[in-house]
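Asks: Handing you this structure, nothing more for now.
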Amino acid sequence: MPRSLVFRGRMSGILRRTLPLATLAWTMSACSWSDAIEVVDPDVINPNDLSSPSAAQTLRAGVLLRLAQATSGGENVFLMGGLLADEWRSGDTFEQRNTTDQRILVPENSFLAGALRSPMRVYQESQAAIRVTRQFQPTPRANVGLMFALGGYAATLIGEHFCNGIPYSTVVDGEVQDGQPEPADNSFVRAIAFADSALRETSGPAADSARVVHIASVVKGRALLNRGQFAAAAQAVAAVPTSFIYQAFHSVNSTTNQNWSLN
């Protein structure tokens, strides 16, 4: 091979190896070192950014996710309550589930934190979804009604599974304000109020409105039943078909149905 071609080939190889380094050096010189190492956490969403129709839709989807987690995913109220009531039996070696199954109530049981936190998230996040949906996606109103109904359902579950002294915290301007311990009956009062609000939000597509009416009616009836108001409870659910079902679905690779896998 002629020497000039060999030289040209070696030079092109050197250029290919050094050009990216030179480009990197030029790029780094165009900004400060502090900018280069600064990391923006993509997992944290600023509440002020939740101000759009897409944010409203995302918040509502988040409530549905929290509902699945609270009722049948993870250390949920259905699992822990079912172990206590012998609906379920513990099939593993975790003391937190075994003692609950044996009705040995240990205040330090760490699994109870998740069982309370998960329905509380449904209750709290439903209110955020309601605020943003009303502002940016006011129609169909049944979307707002569904959030009220699910928030009321979460309050019902909390009152059914936990003793007196339940704290309902609030979020004001992004800051959490701790709630004071309340009697369990207050949860049912909250649930009835949420159900009544859901029943007022029934305009929109007929099928979706009917579904919200059924969910809200069942929530109201169940909360009234827990308060011993039997006649009012029967009246609240009188128009709900006995075949009505509200289903929560699970992904095969996330938020799986732990009621099955833990028993």
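The values are calculated or read from the model by the stated rules, or taken from the named source; none is laboratory data. Just so you know, these numbers come straight off a predicted model, no measurement behind them. As a convention, Cβ positions derive from the backbone with ideal geometry for all residues, glycine included, and neighbour counts pool all protein chains shown. Each accessible area value is taken on the protein alone, full model and side chains, heavy atoms only, with ligands, DNA and RNA left out. Shrake-Rupley method; radii C 1.70, N 1.55, O 1.52, S 1.80 Å.
Asks: If you go through region 197-212 one residue at a time, do you hit one that is of a type in the set (Val, Ile, Thr), part of a helix (DSSP H, G or I), farther than 26 Å from Ala113 by Cα and touching a residue at least 40 places away in the same chain (Cβ under 8 Å)?
Replies: yes
Asks: All but one of (1) at negative phi; (2) in contact (Cβ under 8 Å) with a residue 24 or more places away in the chain hold for Ala232; which doesn't?
Replies: (2)
Asks: For region 228-237, give me each residue that is assigned to a loop (DSSP other than H, G, I, E, B) and buried (at least 16 other Cβ atoms within 10 Å of the Cβ).
Replies: Passing the criteria: Gln229, Val237.
Asks: Based on what the data block shows, is Thr58 free of Cβ contacts under 8 Å to residues at least 24 places away in the same chain, under 22 Å from His250 (Cβ atoms) and assigned to a helix (DSSP H, G or I)? Steps first, answer last, please.
Replies: Values: free of Cβ contacts under 8 Å to residues at least 24 places away in the same chain: yes; under 22 Å from His250 (Cβ atoms): yes; assigned to a helix (DSSP H, G or I): yes.
When the stated conditions are applied, Thr58 passes them.
Asks: Suppose we filter Asn109, Asn143 for residues that are within 12 Å of Leu59 (Cβ to Cβ) and either open to solvent by 50 Å² or more (accessible area, probe 1.4 Å) or not acidic (Asp, Glu) (or both); which single one remains?
Replies: Matching residue, one of Asn109, Asn143: Asn143.
Asks: Specify which of the listed residues (Leu5, Leu116) is at pLDDT 85 or above and either open to solvent by 70 Å² or more (accessible area, probe 1.4 Å) or assigned to a helix (DSSP H, G or I) (or both).
Replies: Just one listed residue meets the conditions, Leu116.
Asks: Go through Arg103, Arg131 for me and flag whichever is closer than 16 Å to Val63 by Cα, at pLDDT below 95 and surrounded by fewer than 19 Cβ atoms within 10 Å (Cβ to Cβ).
Replies: Details: Arg103 fails: closer than 16 Å to Val63 by Cα.
Step by step, each of Arg103, Arg131 is checked, and only Arg131 is closer than 16 Å to Val63 by Cα, at pLDDT below 95 and surrounded by fewer than 19 Cβ atoms within 10 Å (Cβ to Cβ).
Asks: Further question: Given Glu125, Glu75, Glu182, Glu160, which one is at pLDDT 90 or above, among the acidic types (Asp, Glu) and under 19 Å from the mean Cα position of the chain (by Cα)? Outline the logic, then answer.
Replies: Working: Glu75 fails: at pLDDT 90 or above; Glu182 fails: under 19 Å from the mean Cα position of the chain (by Cα); Glu160 fails: under 19 Å from the mean Cα position of the chain (by Cα).
Step by step, each of Glu125, Glu75, Glu182, Glu160 is checked, and only Glu125 is at pLDDT 90 or above, among the acidic types (Asp, Glu) and under 19 Å from the mean Cα position of the chain (by Cα).
Asks: While we're on this one: Output the number of the condition that Gly204 fails; it satisfies all remaining conditions of (1) at pLDDT 95 or above; (2) under 21 Å from Thr139 (Cβ atoms).
Replies: (1)
Asks: Would you pick out the residues in region 100-113 that are touching a Ser or Thr at 6+ places or on another chain (Cβ under 9 Å) and assigned to a helix (DSSP H, G or I)?
Replies: Thr100, Asp101, Phe111, Leu112
Asks: Working only within region 68-87, note down all residues that are open to solvent by 50 Å² or more (accessible area, probe 1.4 Å), among the hydrophobic types (A, V, I, L, M, F, W, C) and either more than 17 Å from Ile166 (Cβ to Cβ) or assigned to a loop (DSSP other than H, G, I, E, B) (or both).
Replies: First, pick out the residues of region 68-87 that are open to solvent by 50 Å² or more (accessible area, probe 1.4 Å): 78, 84-87.
Next, only the ones that are among the hydrophobic types (A, V, I, L, M, F, W, C) stay: 78, 84-85.
The answer is Phe78, Ala85.
Asks: Only one of these is at pLDDT 95 or above and in a helix (DSSP H, G or I): Val240, Val218. Name it. Let's see the steps before the verdict.
Replies: Values: Val240 fails: in a helix (DSSP H, G or I).
None of the other options fit; the residue is Val218.
Asks: Within region 166-179, can you find the residues that are without any contact (Cβ under 8 Å) to a residue 40 or more places away in the chain, in a loop (DSSP other than H, G, I, E, B) and open to solvent by 40 Å² or more (accessible area, probe 1.4 Å)?
Replies: Asp173, Asp178
Asks: Is it fair to say Asn257 is on the phi < 0 side of the Ramachandran plot and either at pLDDT 95 or above or among the aliphatic types (A, V, I, L, M) (or both)?
Replies: Numbers: on the phi < 0 side of the Ramachandran plot: yes; either at pLDDT 95 or above or among the aliphatic types (A, V, I, L, M) (or both): no.
Judged against the criteria, Asn257 is not a match.
Asks: Then there's this: Is it true that Arg97 is charged (D, E, K, R), modelled with pLDDT under 95, open to solvent by 30 Å² or more (accessible area, probe 1.4 Å) and in a helix (DSSP H, G or I)?
Replies: Here the answer is no, as Arg97 does not meet what is asked.
Asks: What's the total number of residues in region 243-263 that are in contact (Cβ under 8 Å) with a residue 40 or more places away in the chain and either outside any helix (DSSP H, G or I) or open to solvent by 50 Å² or more (accessible area, probe 1.4 Å) (or both)?
Replies: Matching residues across region 243-263 total 8.
Asks: Quick test for you: out of Asn226, Asn257, Asn186, pick the one residue that is in contact with a Gly (Cβ under 8 Å, 6 or more places away or on another chain) and closer than 24 Å to Gly62 by Cα.
Replies: Numbers: Asn226 fails: closer than 24 Å to Gly62 by Cα; Asn186 fails: closer than 24 Å to Gly62 by Cα.
From the options Asn226, Asn257, Asn186, the qualifying one is Asn257.
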